[in-house]
Amino acid sequence: LNPVHTVPTLDDDGFVLYDSHAIMGYLIGKYAEDKSLYPEDVEKRALIDQRLHFDSGVLFARYVILSIPFLIRGLKEVTEAQKAAIHDAYGFLDTFLQNNTYAAGNNLSIADFSIVTTLKNSNVFVPVDADRYPNITAWKKVMQSLPYHDINEVGGEIFRAAIESQLSK
């Protein structure tokens, strides 16, 4: 079904799509009456796409490089190089959030959902320091106030428990 063997994978009546970033845009485009999370305005959508690419190409990529040694190889601590790579990504995100309520401006978008999920997991390894990243900290509070937060929280806590279990072995 999915040659890359990743989750999530969507099978929508025979149309198969994988990668959460692509799936969110597709679902809104095909089914949503309210397109505000992924608006049709070209400039707004381009900025959201840019943030989605930041998530997949920078933040998530660095998180994966960090998490695989823990999950697969049993690594017990984060290296300084891994911390630096994550902190660089946090710095970029903090800059994006400067003078913005959300990742791609002042309106909630699918980019926020992707980034907050990645951040939740990378934070297990390299916590977001509130003093160093005040914009991320403020944004996280906004995201935590949304009803969607509970869905993300469950998966994040399962991941945190798995990593803590690995570290205690």
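For this structure, a couple of remarks:
- Relative to the Cα centre, the charge distribution of region 68-120, modelled as +1 at Lys and Arg Cβ and -1 at Asp and Glu Cβ, gives a dipole magnitude of about 220 debye.
- Projecting label points 7 angstrom from Cα along Cα→Cβ for Ala130 and Val16 puts them 4.7 nm apart.
- In a DSSP loop and with at most 15 other Cβ atoms within 10 Å, the trypsin sites (Lys or Arg not before Pro) in region 1-105 are Lys35, Arg73, Lys76.
- Helix 60-71 and the longest principal axis of the Cα set of the chain meet at an angle near 40°.
- Considering only Leu59, Leu97, Leu27, the mean-square fluctuation computed in a Gaussian network model of the chain, springs between alpha carbons under 10 angstrom, is largest for Leu27.
- Between the labelled values [x] 9, 35, 37, 16, 2, 0; [y] 11, 41, 38, 10, 0; [z] 8, 23, 26, 21, 13, 8, 2, 0, the entry that holds P(r) over Cα pairs in 10 Å bins from 0, in percent as derived from this structure is [x].
- Gyration tensor (alpha-carbon) shape descriptor, region 127-169, a/c threshold 1.5: oblate
- To the nearest ten degrees, helix 20-31 and the longest principal axis of the Cα atoms of the chain are 20 degrees apart.
- Cα gyration tensor category, rounded, prolate or oblate, for region 31-115 with a/c compared to 1.5: prolate
- In region 35-89, the GluC sites (Glu not before Pro) that fall in loop regions by DSSP, at most 16 other Cβ within 10 Å: Glu40, Glu77
- Gain upon complete extension [Arg160, Val142; 0.36 nm per residue less C-alpha separation]: 4.3 nm
- Cross-link reach list, lysines versus Lys35, counting only Cα pairs under 19 Å and skipping chain neighbours closer than eight places: Lys44
- When +1 charges are put on Lys and Arg Cβ atoms and -1 charges on Asp and Glu Cβ atoms, the dipole computed for region 42-167 relative to its Cα centre reaches about 120 debye.
- Coil-residue trypsin sites (Lys or Arg not before Pro) of region 89-140, DSSP, other Cβ within 10 Å capped at 16: Arg132
Every read-out reported here was derived from the displayed coordinates using simple, explicitly stated rules and does not represent laboratory data. Model, not experiment: these values are computed from the prediction. Methodologically, a virtual Cβ is constructed for each residue, glycine included, from the backbone with ideal geometry; neighbour enumeration extends over all protein chains shown.
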